C-alpha cells in the first residue's frame, strides 16, 4: 500500500496513478502494482519551481514476474500553478521529451557511439495537477552535487561537452524544421542565445559538418 506524508504528497499518488505511468513508460500492459513507497526530495534552498518526489514501485508483469522500478515525479505546486500554467512550462517540457528529444537522439545515430540526451520520460498528466515522470538516474549511478560546492574540472568538462552536443543538435534541427515557432513562444532570451552560439560553433565545426551536408 502507498505511504503518504500528509500535507506533502498528493493523495492521488495512488496505485492507479503509478500503474498508468509504468505501463506508458515501459510500453507494457496489464501490470499489477504490489506496493509503492514515496519519498519527498524537495529540500529548502534548492530553488526548485516544482515539488520533486521519488516513487519506488513494486509490480508484477503479465508473465507473473515481480520486479521494481524507481521514477522521479515532478509536481507543480498549487501555490505556483497560476504562474507556471501561464508560462506553459510543463507543456513545453512534455513536448520536448515526447517530440524534440527523440529527434535529437536520432540524429546521433550518424555517429559511431551510443548517445542519450536525458532521462527517459515515463508519463505526463494535466489533471488533477500537472506532473511529469522520469526514470530515476540515481539508479544508474548519477548524483546531484551540491550547488554550493560545485563540480570538479573533470565533471565540468563532461557537462560542457554535453551542452555542446545539445546545442549543436538544436541548431541542426533548426536547419530542418522551424523549431522556434513550434517550441518557443512569447519571450526570447537574447544573452542565452548568444551564449548558445558561442558554446556551439567549435563543436559544430569539428563534429557535425558531415551532418549538415546530409541535411541539405
Can you spot a residue in the range 72-87 that is modelled with pLDDT of 90 or more, at negative phi and in contact with a helix residue (DSSP H, G or I) (Cβ under 7 Å, 6 or more places away or on another chain)? no
Looking at 93, 127, 145, which is the one that is out of contact with any helix residue (DSSP H, G or I) (no Cβ under 6 Å at 6 or more places or on another chain), free of Cβ contacts under 8 Å to residues at least 40 places away in the same chain and surrounded by 15 or more Cβ atoms within 10 Å (Cβ to Cβ)? 93
Residues of the range 47-90 classified as buried (at least 17 other Cβ atoms within 10 Å of the Cβ) and without any contact (Cβ under 8 Å) to a residue 12 or more places away in the chain, total: 0
Within the range 95-109, is even one residue farther than 21 Å from residue 169 by Cα, at pLDDT 85 or above and either within 13 Å of the chain's Cα centre (by Cα) or outside any strand (DSSP E or B) (or both)? no
Out of curiosity, is residue 56 in contact with a helix residue (DSSP H, G or I) (Cβ under 9 Å, 6 or more places away or on another chain), closer than 17 Å to residue 20 by Cα and not in a helix (DSSP H, G or I)? no
I'm checking my understanding of the structure. Among residues of the range 1-16 that are in a loop (DSSP other than H, G, I, E, B) and modelled with pLDDT under 50, which one is farthest from residue 56 (Cα to Cα)? 7
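The values are calculated or read from the model by the stated rules, or taken from the named source; none is laboratory data. Everything numeric here is computed off the predicted structure, so don't read it as measured data. Note: ideal-geometry Cβ built from the backbone for every residue, glycine included; neighbour counts use all protein chains shown.
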